[in-house]
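These notes are about the structure you will find just below.
The values are calculated or read from the model by the stated rules, or taken from the named source; none is laboratory data. Predicted model, so just to flag it, every value in this text is computed and none were measured. Glycine gets a Cβ as well: all are built from the backbone with ideal geometry, and neighbour counts include every protein chain shown.
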Amino acid sequence: MYASPSHPAEAASVGDGLRAGLAQLLDGLPPRQAARAVERLIATYRGRTPTDAPVLRDRSDVTAYAAYRMPATFEAVNSALAAFRASVPGWEPESHTDIGGGTGAAV
């Protein structure tokens with residue numbers, strides 16, 4: 001089971017690892033193709049997407065989604081957990097429930 005980083009340096013190394021992984025994933029994907037995929041995904045999420053229609057259709061969609069959402073999600077969750085840790089010293093999680101989908105950046 002993954003343990004949440006207990007020290008800011010650990011969180012930074014996790015964030016660095018995510019960024020390195022994203023850079024590797026983006027390698028070879030033309031920037032214009034990634035930008036088109038991001039724009040299409042934004043339009044899809046803001047519009048009405050039938051539940052039987054795949055949102056992430058190909059590698060460029062998956063890569064664009066990860067590049068667009070993962071860094072912000074990780075930083076938001078990391079910040080919230082750091083604030084919680086500061087307000088409740090000594091608390092240690094005993095379990096984990098993933099209530100979302102997405103990239104897993106918040107795990």
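Assorted remarks:
- Each residue in the range 44-73 was checked for being of a type in the set (A, V, I, L, M) and assigned to a helix (DSSP H, G or I), and 6 of them qualify.
- Of all residues in the range 29-53, those that are on the phi < 0 side of the Ramachandran plot have Cβ atoms under 9 Å from Cβ atoms of residues that are acidic (Asp, Glu) and in a loop (DSSP other than H, G, I, E, B), 6 or more apart or on another chain, in Ala37/Asp58.
Table: residues versus (1) under 14 Å from the mean Cα position of the chain (by Cα); (2) at pLDDT below 85; (3) not small (Gly, Ala, Ser).
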| position | (1), (2), (3) |
| --- | --- |
| Ser13 | no, yes, no |
| Pro54 | no, yes, yes |
| Arg57 | no, no, yes |
| Val62 | yes, no, yes |
| Leu81 | no, no, yes |
| Val88 | no, no, yes |
| His96 | no, yes, yes |
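- Restricting the range 58-82 to residues that are surrounded by 12 or more Cβ atoms within 10 Å (Cβ to Cβ), of a type in the set (D, E, K, R) and out of contact with any Leu (no Cβ under 8 Å at 6 or more places or on another chain) leaves a set whose member that is farthest from Pro30 (Cα to Cα) is Glu75.
- Filter pass, Arg85 being over 19 Å from Leu25 (Cα atoms) and in a helix (DSSP H, G or I): yes
- Of all the listed residues (Ala76, Ala34), the sole one being assigned to a helix (DSSP H, G or I), within 25 Å of Ser13 (Cβ to Cβ) and modelled with pLDDT of 85 or more is Ala76.
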